[in-house]
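In what follows, a single structure is set out as structure tokens and then discussed.
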Amino acid sequence: MKKNILIVAALAAFLPAFGQAPEKVQEKKKEVREIKAIGCVRRGVEGGCLLLKTLDGKTTYNIFANPRPEVGIVIEIDGKEFQGVTTCMEGTPITVTKWEATGEKCQN
């Protein structure tokens, strides 16, 4: 008799959990990282690749901009992480949303 009561009590405790709808797993949202930088426009090693090396020399971006800035000038950019595949093997790929020439030329 005691066994039957224990079994019924255990079932009573666990059965409501099976009757509930599963909790929704919150999907991780992909964050859009905004990038602001100022640097020198350079040609990449691979044909057609355009790079922006920051003035402090610490970061190189593989930039996708329309219109394309001229090689050898300093520009200030706003951008976001590039979505897609690139054949350029240098720098962090970013899509430039806005760029402006500073009027300076790059130092060699």
Excluding residues fewer than 8 places away in the same chain, name every one of the aspartates and glutamates whose C-alpha is closer than 16 Å to that of Lys36. Asp56, Glu76, Asp78, Glu81, Glu100
Starting with the highest mean, order 38-50, 77-89 by the number of other Cβ atoms within 10 Å, averaged over the residues of each peptide. 38-50, 77-89
What is the distance, in nm, between label points placed 7 Å from the Cα along the Cα-to-Cβ direction at Asp56 and at Thr102? 1.3 nm
So between Glu70 and Thr87, what do we pick up on full extension, going 0.36 nm a residue minus the alpha carbon distance? 4.1 nm
Once you treat every alpha carbon in region 34-105 as an equal point and sum by Debye, what is log10 I(q)/I(0) at q = 0.13 Å⁻¹? -0.30
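Quick note: the coordinates plus some simple rules give every number you see, no bench work behind them. Note that this is a predicted model, so its numbers are computed, not measured. For neighbour counting, all protein chains shown are included, and Cβ atoms are generated from backbone atoms with ideal geometry for every residue, glycine included.
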